[in-house]
Amino acid sequence: MSIPFKRDPEEYSQGMLFPGNVFDLLSKDHCCYIYEDIFQQIDTSSLMKNYSRKGQNAYNPRLIISILIYAYSQGVFSSRQINQKCKEDLGYMYISHLQCPDFRVLSDFRKDNYVFFKECFKQSVMLSIEAGLASLGHVSFDGSKFKANTSKHKAMSYKRLKEQERQLTDEIEALVKQAEQCDSEEDQEYKNRTGYEIPEDFKYKEARLKKIKAAKEALEKREQELNPDKPIEDKKQISFADHDARIMGKKGQFDYNYNAQISVDEDNQIIIGQHVSQNATDYREVSMAIDEIEKNTGRIPDKASLDNGYFSGDNLETFEKSGIDAYIACGKESRQDTPDIVQSNRKIKKSDFIYDENDDCFICPQGYSLNLCSNGKDGTKVYRASINECSECSYQKRCCQSKKGEARTISIDDKEPLRRAMFKKMQHAYSCQIYRKRKQIVEPVFGQIKNTGFRGFSVRGSPKVSGEFSLACISHNLSKIVRSICRGVVRFESGRLAPMVV
């Protein structure tokens, strides 16, 4: 006796006389409907100058950017996979208006319109502010490494570049002489050979030499900008595939990466500022971050919280000039639960020394003075203790780090008062309470972006990489808006986003 399973509908094997709308198969609360309403508010007028009435009709740029944003929000980044989704997935088919741009169209649009992506990101920030999802009351900054579209196997050191340049130059000169000699010899010497073997080898070596020279010039230009008037170290490397990528990493995991920076609002984890840096550290990123926030919103945040990676004189000076109430972690020694010097065997830090403004000296934990011994024109100062006092001190092994047995020294610059002020500020319980919110504000955002699968870039070169990261940040912001609409926090009012009135 057969089991009576449900039968397939007639429409499965037979065509319908009056077919319905294919999108009726989607659930009424599918997110693609909300995305489509938001996409209609994107201003693409700046792209229209790139199009002409002549030739074949092009895809509407709003359609292409809508497909890319929706795909990135769904964790699909390959242009070929996006093209396939537009053929198979009803959500993508609704966003693409049943059009299916070729993967090359999608890929070229992503590579060529990196400037517009920055503008589009600004629009996503303004939409979030209009919807009441961001207030700039408390903003947290953070950076994370994203893989560049190259590898360590496509790179070469400066020393190796110089060696290869000399070797290829000598080989090409030898080939030229050999070719000249061959031209003057009799054809009988070639017998059955055509005489084209040498030019082919010459062509290959000349192309490789051109590539070597381009990489060498790019490395020299980069180092001149970073370290002017200083000789280039032989160990410095550059990637052939992406000259702008840098070796970055930690805990032994080093690769060619970019340092992506975001500024996230406390209210709903909206990214209000972002940029991509080529610096491995965050010591000089605050100035650019604040500029980006001001460009996108027209104002600066009231408070900011940052981890110890941003604790530098340049960043502290930037916050002081901007007037932002900043809270920056000063390291483990700034914590209130730091073990006492006497009761522990920890190393004695710079923060354990007390600065005496009247005598312009530092006082060590044992009461000895470190007096000024060097005063540089750039504002740097070096303070040194007495060798006799250090040798007799019971903390000598935990304090003096010189292998030659020299006395303890402390170096500062003209921004040292800012560091001491921040160190003192972070000792208060109120400051620690504000700073602790940083883990709830900015760190989850990088986790959300990377959990979609976006861990590396598909394009090469700093401008294009910045454009693709803008695309990832747009997708994050719009996904936050979509979720807010689904929760009833935000609504459409006269075609615009607005906070729900309670």
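For this structure, a couple of remarks:
- Relative to the 2.2 N^0.38 Å rule of thumb, the range 206-306 has a C-alpha radius of gyration ratio of 1.39.
- The label-point distance for LYS397 and GLU320, in a model that sets each label 7 Å from Cα toward Cβ, rounds to 4.0 nm.
- A simple spin-label model places the labels of LYS221 and GLN84 3.8 nm from each other, with each point 7 Å out along Cα-to-Cβ.
- Per atom type, the range 88-134 shows carbon and sulfur on 51% of its accessible surface, probed at 1.4 Å.
- Dipole of the range 359-502 [Lys/Arg +1, Asp/Glu -1 at C-beta], most positive-end residue of SER386, ALA472, VAL490: VAL490
- Computed extension length for SER46-LYS415: 128.5 nm, one decimal, from 0.36 nm per residue of separation with the Cα-Cα distance subtracted.
- For the set LYS295/LYS425; LYS122/LYS464; LYS145/LYS250, the pairs lying more than 22 angstrom apart at their alpha carbons are LYS295/LYS425.
- Taken one residue at a time, the phi angles of the range 310-325 give Karplus couplings (6.51, -1.76, 1.60, θ = phi - 60°) of 9, 7, 9, x, 5, 5, 5, 5, 4, 5, 5, 5, 6, x, 7, 7 Hz. Gly and Pro are set to x.
- Multiplying the residue separation of LYS347 and ALA280 by 0.36 nm and subtracting their alpha-carbon distance yields 21.4 nm.
- The range 348-400: C-alpha pair distances exceeding 19 Å, %: 26 percent
- Between HIS97 and ASN308, full extension at 0.36 nm per residue minus the direct alpha carbon distance yields a gain of 71.2 nm.
- Sorting the segments 434-447, 253-266, 278-291 by their residues' average number of neighbouring beta-carbon atoms within 10 angstrom, most packed first, yields 253-266, 278-291, 434-447.
- The convex hull around the C-alpha trace of the range 282-403, projected and averaged over every direction, spans 10.3 square nanometres.
- Cross-link partners for LYS424 among the lysines, with Cα-Cα distance under 29 Å and sequence neighbours closer than 8 places in the same chain left out: LYS303, LYS321, LYS332, LYS347, LYS349, LYS350, LYS377, LYS381, LYS397, LYS415, LYS437, LYS439.
- Amide N proximity, the range 361-392 versus LYS404 label position 7 Å along Cα-to-Cβ, cut-off under 20 Å: 370-376, 381-392
- Accessible-area value, GLU88, 1.4 Å probe, nucleic acids and ligands omitted, Å²: 130 Å²
- Rolling a 1.4 Å probe over the protein heavy atoms gives the range 266-317 an accessible area of 38 Å² per residue.
- Mean Cβ neighbour count within 10 Å, used as a protection proxy, ranking 392-405, 69-82 highest first: 69-82, 392-405
- P(r) tail fraction, the range 366-502 - alpha-carbon pairs more than 27 Å apart, %: 61 percent
- Average accessible surface area per residue within the range 370-502, 1.4 Å rolling probe, Å²: 55 Å²
- Alpha-carbon centroid distance for the pair the range 471-492 / the range 56-110, whole angstrom: 20 Å
- Close amide H partners of ALA326, meaning residues 5 or more places away or on another chain with modelled amide H under 5 Å apart, are ALA304.
- When the range 237-290 is reduced to its Cα atoms, the Kirkwood hydrodynamic radius in Å: 12.7 Å
- Modelled spin-label separation between ASP356 and VAL115, with each label point placed 7 Å from Cα along the Cα-to-Cβ direction: 6.1 nm.
The values are calculated or read from the model by the stated rules, or taken from the named source; none is laboratory data. Quantities reported herein were computed from a predicted structural model and do not represent experimental measurements. Cβ sites come from the backbone with ideal geometry, for glycine too, and all protein chains shown count toward neighbours. Each accessible area value is taken on the protein alone, full model and side chains, heavy atoms only, with ligands, DNA and RNA left out. Shrake-Rupley method; radii C 1.70, N 1.55, O 1.52, S 1.80 Å.
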